[in-house]
1. Considering (1) in contact with a Ser or Thr (Cβ under 7 Å, 6 or more places away or on another chain); (2) part of a loop (DSSP other than H, G, I, E, B), say which one ASP188 fails and leave the rest.
2. May I ask you to list pairs of residues, at least six apart or on different chains, whose Cβ atoms are under 7 Å apart, with the first in the range 222-233 being within 18 Å of ALA263 (Cβ to Cβ) and modelled with pLDDT of 95 or more and the second being small (Gly, Ala, Ser) and in a helix (DSSP H, G or I)?
3. If we keep just the residues of the range 111-143 that are over 19 Å from the mean Cα position of the chain (by Cα) and within 16 Å of ligand 1 (Cβ to nearest atom), which is nearest to GLY180 (Cα to Cα)?
4. Any idea how many residues of the range 159-168 are surrounded by fewer than 14 Cβ atoms within 10 Å (Cβ to Cβ) and over 19 Å from VAL86 (Cα atoms)?
5. Which fully enclosed helices (runs of 4 or more DSSP H) of the range 201-303 have 1 or more residues being more than 19 Å from HIS15 (Cβ to Cβ) and within 16 Å of ligand 2 (Cβ to nearest atom)?
6. So which residues in the range 292-308 are out of contact with any helix residue (DSSP H, G or I) (no Cβ under 7 Å at 6 or more places or on another chain) and aliphatic (A, V, I, L, M)?
7. In this structure, is LYS118 out of contact with any strand residue (DSSP E or B) (no Cβ under 9 Å at 6 or more places or on another chain), of a type outside the set (Val, Ile, Thr) and farther than 17 Å from MET172 by Cβ?
8. State yes or no: is THR81 under 21 Å from the mean Cα position of the chain (by Cα) and either within 16 Å of ligand 2 (Cβ to nearest atom) or among the hydroxyl-bearing types (Ser, Thr, Tyr) (or both)?
Amino acid sequence: MTTLTIRRPDDWHLHLRDGAMLEGVVGHTSAHFARAIVMPNLVPPVLTVADAEAYAARIVAALPEGHAFKPLMTLYLTETTDPDDVAAGFASGKVAAVKLYPAGATTNSQSGVRDIEKVYSVLERMAEIGMPLCVHGEVTDPTIDIFDREAVFIERVLAPLRARLPGLRVVMEHVTTREGVDYVMSQDSGMGATITTHHLIINRNAILAGGIRPHYYCLPVAKREVHRLALRKAATSGDRRFFLGTDSAPHTDPLKESACGCAGIFSSINTMSCLAHVFEEEGALDRLEAFCSLNGPAFYRMAPNEERMTLKRRDEPVAYPEKIDTGAGPLTVFDPMFPIHWEVD
Ligand code: NCD
Ligand code: ZN
């Protein structure tokens, strides 16, 4: 048996939802992760610092007994977001970042930004105070192919934004393409990127080849194999600009297995096991800690966790449930399609 001990990890992009689903999933994150950047795309969205405070209290109330977990709250940027509210929330530590969703890009993004000019006063203020902007980096132009939406976003939105506000700290969330990786690598340390577990494991064949598999559908959608390989290289490189954001995004089975299924993959339970497998395959187990536990806090200017996590590699595969029951309904767990041998101790 091989063991690996790392600092306790954090998840820099997570969907916890609310109500019964929150109750059903939060313990799977807090069992492993010390902190998570919690996405604000609830219905209705988390718009103000007061909304974020109330949501943080609901998350903490839903934690299983004995779990130590700190939700790092985000605000959902709209064309009417108040720069003073954002700045006060950041100064008090009640919010850690602001999230930019292009309107219509993904789940519950209808209230997102249509005209970026309208949010520049908020972005300028954030640049002044060093507050990170998390970006869902896809254009929504219906004439742009869904597999190209990230690359086009970089060209049309992200590069001009960085040129106009070079001091703004930006996280390109769930980067999925070689173009995204190359762009981040061309930038200074004010630019970071999260990478999900599943985008290191699946390419678009998982969704489409041999039948349509809704549980592998997420946004941004998984791309060609060359992109998966570029993501693996970036994640396992140790480069400080890349860190883990699982984008674990629970939707119940009836909502996924539908004529128009929701986007999102639920991976909180087995993410650390899957990542150990990936890093072992890449001969980079010594860089798992950088990706999961060091680079994220460095970007967010927070101290890394002091506690440790030990992963053990067993000869026999570890059994994870195919689905879990939540008060909101059954929820399918990400299946990496390989036997998992790593287990969190
Ligand atoms: C997320 C969700 O369901 O909230 N879905 C997803 O496929 N990742 C939204 C998002 O992060 O785009
Ligand atoms: Zn997400």
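The values are calculated or read from the model by the stated rules, or taken from the named source; none is laboratory data. Source: prediction; values computed, not measured. Please note: Cβ atoms are built from the backbone with ideal geometry, for glycine as well, and neighbour counts cover all protein chains shown.
1. The single condition ASP188 does not satisfy is (1).
2. Pairs that qualify, where the first residue is within 18 Å of ALA263 (Cβ to Cβ) and modelled with pLDDT of 95 or more and the partner is small (Gly, Ala, Ser) and in a helix (DSSP H, G or I), are ALA222/ALA206.
3. Taking the candidates together, the pick is THR140.
4. The total comes to 4.
5. Result: 225-235.
6. Residues satisfying the conditions are LEU294, ALA298, MET302.
7. Judged against the criteria, LYS118 is a match.
8. Here the answer is no, as THR81 does not meet what is asked.
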